[in-house]
1. Just how many % of Cα pairs in the chain lie over 31 Å apart, if you round to the nearest whole percent?
2. Using just the helices of the chain, give the 222 nm mean residue ellipticity in deg cm²/dmol: DSSP H runs with n ≥ 4 each add -39,500 (n - 2.57), and the total is spread over all residues, rounded to 500.
3. Tell me, Kirkwood radius of segment 170-247 from alpha-carbon pair distances, in Å?
4. Taking every DSSP beta bridge that has both residues in the chain, what percent is antiparallel when rounded to the nearest 5?
5. In nm, give the distance between the simple-model label positions of residue 159 and residue 203, each being 7 Å from the Cα along the Cα-to-Cβ direction.
6. Tabulate in residue order the Karplus-calculated ³J(HN,Hα) for segment 163-179, using 6.51 cos²θ - 1.76 cosθ + 1.60 with θ = phi - 60°, rounded to whole Hz; enter x for Gly and Pro.
7. Name the residues of segment 10-28 whose amide N is less than 20 Å from a point 7 angstrom out from the Cα of residue 229 along the C-beta direction?
8. How many nm is it between the label spots at residue 211 and residue 2, if each spot is 7 Å from the Cα in line with the beta carbon?
Amino acid sequence: MEYFKTGIKGFDIIMDKGLPNKTTIILHGPPGTGIRVFGQQFLFSGLQLGAHCIYFTSERPGREIMDDMRFYDWEVEDYVKKRQLIFIDAYTTKYEKSYSSDLDILKDIVWDVGASNQLRMALIKHLEQFTKENVKQVRCVIDSLSALFRTENPEEVIDLIEIIQMAARKYGGTFFFILDKGVHEEHLVNTLLYLADGIFEFTTRERGSELEHVMRIQKLRNMIFSTKLIPYIISEEGLVVETTERII
C-alpha cells in the first residue's frame, strides 16, 4: 500500500505515513469549519509535489475556486495551463450555458447532461489519461456532495460514489468528498459515511470566551489512527493543525 503526505502543517505529523492511495474520504463539517480549505490545501500541496489533481465544482465556477486559493497564496493558474490541475466545472456548464471542454463529444446533443453524469464521464476520462501518462499520484476533490444532493436524484449520487470508489481502486488516487453538515436527511448521511473509506469530522467548540476548531478522524481504511480531537486554526497559510502536545 502506498501512502502520500498531505502537505498540511501538523497533520502529517499526526498521520505519520500520510494517507493511503486508492482511498475515498468524506470531509464532513458545518460551514465555517474549513472543510473546503482542507481540500484545496491538499490539492495545492500535491501539485507542488508533482501530483496531478482534479477539482469538481458544482456550486461555483472554477475561476472563483482559483480566487479562493489565491487568498492563501496558492497560485494554481500555471498548473491549470499545463493540465496538471483540471477543473470539472458543472456550475458553468449548467448556469452559464457554457460547455466544459470535458463534454466536447456531447456539445451537439445537449447543453447540460447533469452534474453527476458530467463528473462520472469526465473523471473516468481523466483518470484513464493519467494512467496512459504513467502519473504517479492523483488527488481529487469533489465539491460537493451537498450540492449534488440538492439537484440530483439521491440514489444516483450514491451510485456515483460507488463508481468513484471502483475507479479509485482501479486507477489509484486519493479522493476527498465535501459534505456539509446539517443540511441532509440522517439516513442519507449515514449511507455516505458507511460507503466511504475514511471520514474526517470537522466542528467547533467553546474554549473559554472563544470558539475553537477541532477535527477527528472517525474512520480510515488501511490505517491505524488516533480518534482524539485535533485542534487546528485557519490562518493566512491555510489550515494549520496544532502540535501533538495539544491533541485531546
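1. Details: 5926 of 30628 pairs.
That tail contains 19 percent of the Cα-Cα pairs.
2. Calculated from helices alone, the mean residue ellipticity at 222 nm is -11000 deg cm²/dmol.
3. With all distinct Cα pairs of segment 170-247 included, I get 14.6 Å.
4. Working: 19 of 45 bridges.
That works out to approximately 40 percent antiparallel.
5. 3.5
6. Values, residue by residue: 5, 5, 4, 5, 5, 4, 5, 6, 9, x, x, 10, 10, 9, 10, 7, 9 Hz.
7. Only 10-11, 14-15, 27-28 fall inside the zone, counting backbone N under 20 Å.
8. 3.9
Bear in mind these aren't lab numbers, they're just calculated from the coordinates by the rules spelled out. Keep in mind that what you see is a predicted model, and the values were worked out from it rather than measured. With ideal geometry, Cβ positions are generated from the backbone for all residues, glycine too; neighbour counts draw on all protein chains shown.
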